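**Student:** Okay, here's the structure, questions in a sec.
Values quoted throughout were computed directly from the atomic coordinates according to the rules given, and no laboratory measurement underlies them. Owing to the predicted nature of the structure, the values given are computational and were not obtained by experimental measurement. Every residue, glycine among them, receives a Cβ derived from its backbone with ideal geometry; neighbour counts consider all protein chains shown.
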Amino acid sequence: MLEDFRLIVDLVTILAAAAAGGIIAGLAKQPALLGYIVGGMIVGPAGLGSIKELVQVETLAQFGAAFLLFALGVEFSFSELQKVRKISLGGGGLQILLTILVTTVISVSVGWVTTPQQGIFLGAILSLSSTAVVLKSLMEANQTATPHGQVMLGILVVQDLALGFMLAVLPALDRPAEEIGIAVAQAAIKIGLFAIGATITGIWVVPRLLRLLASTESRELFLLGIVTLCLGIALITEKLGLSIEMGAFVAGLMISEVEYADQTLAYVEPLRDIFAALFFAAIGMLIDPLFLWNNWDLILGLVSIVFVGKFVIITPLVRLFGYPLQTALIAGLGLAQIGEFSFVLASEGRNLGLVSRRVYLLLLGTTAVTLVVTPFILRLIPSLFNWIETIPALDRWFQPGEPPQEVSEHVPLEPPIVICGYGRTGQNLVTLLAEQNIPVVVVDQSETAIQKLRDGGIPYIYGNAVSIPVLTRAGLDRARAMVIALPDGMSTRLCLKHALEISPALDIVVRANQYQDIELLYQLGGSEVVQPEFEASLEMASHLLVKIGLPTIQIQRQVKAVRNSHYMGLRPEGTIGEMSQTIQAATLGMNRRWYRLSLTSPLLGNSIASASIRPLTGATIVAIQRENGSQINYPNGGTTFQLGDSCLVIGSVEEQSVFEQLTKGEIAIPVLPIAMAESVAEVIIE
């Protein structure tokens, strides 16, 4: 068969295997990348042996790593890096050094390696975590903007940059100490010169190039230009003895500060996804299933050591840099695997004779298993904290009780409007309220945001908006209203819940990041829930209807009706099963439990409003399943409890306990006049 045609057949085979594996993984509710890896194992040399041109396929798979890092650079801009620069540079650097040091000492002491140089090499491999797996998992869970997501990505960026440094030093690792010192100095000089060149290029060349490409108004030329830029810079770093991945990431950072960043990302994402699938499938092709099977006990032992060791190193480091214990634990668990770029180091080390073939295969197997296990661990983390909430002795360590890190000097004395989150939405709100001379207090935990507030003379509380002491210090007990515009759903829900614990009657406007959160936020007590995409649709429709000539009053009435219906007419329709899955996903990470009402429960025949569920217990009912199998999702205050009902309730351990007592009649339901009960139900329904 012709060489070129053989490569085409191999590419089609590996992409088909990746697609099939991804589909099966999706049907099994598992991460798609798990399917990609397994698909590669099946058609690889150690499986069916369908792939003949392994070297060419691996070369093309490097594009996947390059595009993954390029897209990460575009999304994770310099401004984002500023938010976590301390933990990324300080914490990331310390994590790499500590991992190398601990691994060297242990591996030499127990006889895993014969020389300290081999121990350093092994530590370098173990120090890297998986940018691709962690980033993909965070994106799927919409957690890239969360504190733990930012911390993990910041550390991963430093690890990816360190890869180039490691590759430059690696050839001198088995030589005398003075040669190692020379190699380190040369690598530092190369990286420094590259950083200077990248900065100059990013300021003077890249913006002009993108404007030129955009001026052609050709999608093809724009895509061709940015792909050439990405791969061109990646090749330069390769020639400098660094890494293609490092160059691709830096290329993304150059574009991230230009106005065409979003357009670039939209164009590159399809390429990234295709080549990423090829990249993970290529990782699968390197794995020998028979070797894994024959050495499963040793590999599982190594996997356990890696996870425990990296967790023990990373968690205290994140805590040391002032992050909450929960953030530190999530970061420690999320970064406890070995990264895909460790394959690159391991391969280079084998070529240089630093490791034997058996050790090389053990490293590949251990790395592969950690990559496969990581998505499951990240998915189980919310359930883990759910379980912790049920144990009072543990739960007190995770209560969001961190005090403010800093309070501005000019906190208004008169009742303010408290704004949680100083992103684009928060900044616009502050500007509009300032024009009306309405006092505000902003709560944020980003150093970059706080610096903007300092420069603008805007009153602020520097701290986690989920923390009860922080919210108390912001003056919620006397606030006129509150706006929650946080970047992730979990923080939004917890902030809303804790705010109402401090001030139950407070008027709170909440931004829903996803439409699935709208009803839950209303159920938790939000006065008004705003969803940006739906609001944009309403504004565009209003503009068009005005142009057509419809009366303004009629348009306003229609828009108000849509808002009063919680955008119900704009949301995609779903089956009961899909709605149930949405509720499960929306309440993930919150303490939730199903309660079946007994035959003697005093709730039977009462409505949610007349039973005073929230005032008495503080808990929230998000679903009721009838005895006939039907389900009421996000029931309103007028929903009546019936025989055989099961209620899905979210709330703290204490709130769940009080609700259970209420269902058993251990707490009396207050008797309201019929007219008052009906009016309460009507208010809640509205």
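**Student:** In whole Hz, with x marking every Gly and Pro, tabulate ³J(HN,Hα) for region 320-331 from phi via Karplus 6.51 cos²θ - 1.76 cosθ + 1.60, θ = phi - 60°.
**Tutor:** With coefficients 6.51, -1.76 and 1.60, one gets 4, 8, x, 8, x, 4, 5, 4, 5, 5, 5, 5 Hz.
**Student:** How far is helix 489-502 tilted, in degrees, relative to the longest principal axis of the Cα atoms in the chain, given as a value from 0 to 90 rounded to the nearest 10?
**Tutor:** 40 degrees
**Student:** Just rank PHE343, PHE291, PHE5, fewest to most, by other beta-carbon atoms within 10 angstrom.
**Tutor:** PHE5, PHE291, PHE343
**Student:** Okay, next question. Could I have the simple spin-label model distance between GLN514 and ILE196, label points 7 Å from Cα toward Cβ, reported in nm to one decimal?
**Tutor:** Simple spin-label model gives 4.7 nm for this pair.
**Student:** Test of understanding: extend the Cα→C-beta vector of GLN451 to 7 Å, then name every residue of region 296-332 with backbone N under 16 Å from that spot.
**Tutor:** Taking a point 7 Å out along Cα→Cβ of GLN451, no residue of region 296-332 has its backbone N under 16 Å.
**Student:** Quick check: from the Cα gyration tensor, does the chain come out rounded (a/c under 1.5), prolate or oblate?
**Tutor:** Taking the square roots of the gyration eigenvalues as a ≥ b ≥ c, the chain is prolate.
**Student:** Would you mind finding the longest exposed-site-free stretch of the chain, with exposed trypsin sites (Lys or Arg not before Pro) meaning DSSP loop and at most 11 other Cβ atoms within 10 Å?
**Tutor:** Answer - 30-395.
**Student:** Once phi is turned into ³J(HN,Hα) by the Karplus curve 6.51 cos²θ - 1.76 cosθ + 1.60 with θ = phi - 60°, what whole-Hz value does each residue of region 128-138 show in order, with x for glycine and proline?
**Tutor:** Once θ is set to phi - 60°, the couplings for region 128-138 become 8, 10, 8, 4, 5, 5, 5, 4, 5, 5, 5 Hz.
**Student:** Just how far, in whole angstrom, is region 608-625 from region 203-234 if you go by their alpha carbon centroids?
**Tutor:** When both Cα centres are located, 56 Å separates them.
**Student:** Loop only per DSSP, at most 12 neighbouring Cβ atoms within 10 Å: give me the GluC sites (Glu not before Pro) in region 223-262, ordered by residue number.
**Tutor:** Answer in residue order: GLU259.
**Student:** Sum -39500 (n - 2.57) across every DSSP H segment of at least 4 residues in the chain, then divide by the residue count to get the 222 nm mean residue ellipticity, nearest 500.
**Tutor:** Calculated at 222 nm, the ellipticity per residue is -20500 deg cm²/dmol.
**Student:** Expressed as cubic angstrom per residue, what is the convex hull volume of the alpha carbon set of region 407-531?
**Tutor:** Numbers: hull volume 11.5 nm³, N = 125.
Considering the Cα atoms of region 407-531, their hull volume per residue is 92 Å³.
**Student:** Oh, and also: State the number of lysine pairs found in the chain whose Cα atoms come within less than 22 Å, restricting to pairs 8 or more positions apart or on distinct chains.
**Tutor:** 8
**Student:** Please list, in chain and number order, the residues 5+ apart from VAL442 or on another chain whose amide H is under 5 Å from its amide H, with Hs placed from the backbone.
**Tutor:** ILE419, TYR460, ILE461
**Student:** Let me ask you something else. Select from region 511-550 those GluC sites (Glu not before Pro) which occupy a DSSP coil region and have at most 11 other Cβ atoms within 10 Å, ordered by residue number.
**Tutor:** Answer by residue number: there is no such site.
**Student:** Output wanted: per-residue J couplings in Hz (rounded whole) for region 269-274, from phi through Karplus 6.51 cos²θ - 1.76 cosθ + 1.60, θ = phi - 60°, x for Gly and Pro.
**Tutor:** Calculated HN-Hα couplings, in order: 3, x, 4, 4, 5, 5 Hz.
**Student:** While we're on this one: Relative to the longest principal axis of the chain, what angle (0 to 90°, nearest 10) does the C-alpha long axis of helix 424-435 take?
**Tutor:** In the chain, helix 424-435 runs at an angle near 50 degrees to the longest axis.
**Student:** Sticking with this one: Could I have the simple spin-label model distance between SER383 and GLU654, label points 7 Å from Cα toward Cβ, reported in nm to one decimal?
**Tutor:** Placing both labels 7 Å along Cα→Cβ, they lie 2.9 nm apart.
**Student:** How far is it, in nm, from the label point at LEU97 to the one at ALA668 when both lie 7 Å from their Cα along the line to the Cβ?
**Tutor:** Each label point lies 7 Å from its Cα, and together they span 6.7 nm.
**Student:** Provide the FRET efficiency to the nearest 0.05 for the LEU7-VAL312 pair, computing r from the beta carbons and using R0 = 45 Å.
**Tutor:** In this case the efficiency is close to 0.50.
**Student:** Another question, if that's okay. For region 403-425 and region 459-532, what is the separation of their C-alpha centers, rounded to whole Å?
**Tutor:** 13 Å
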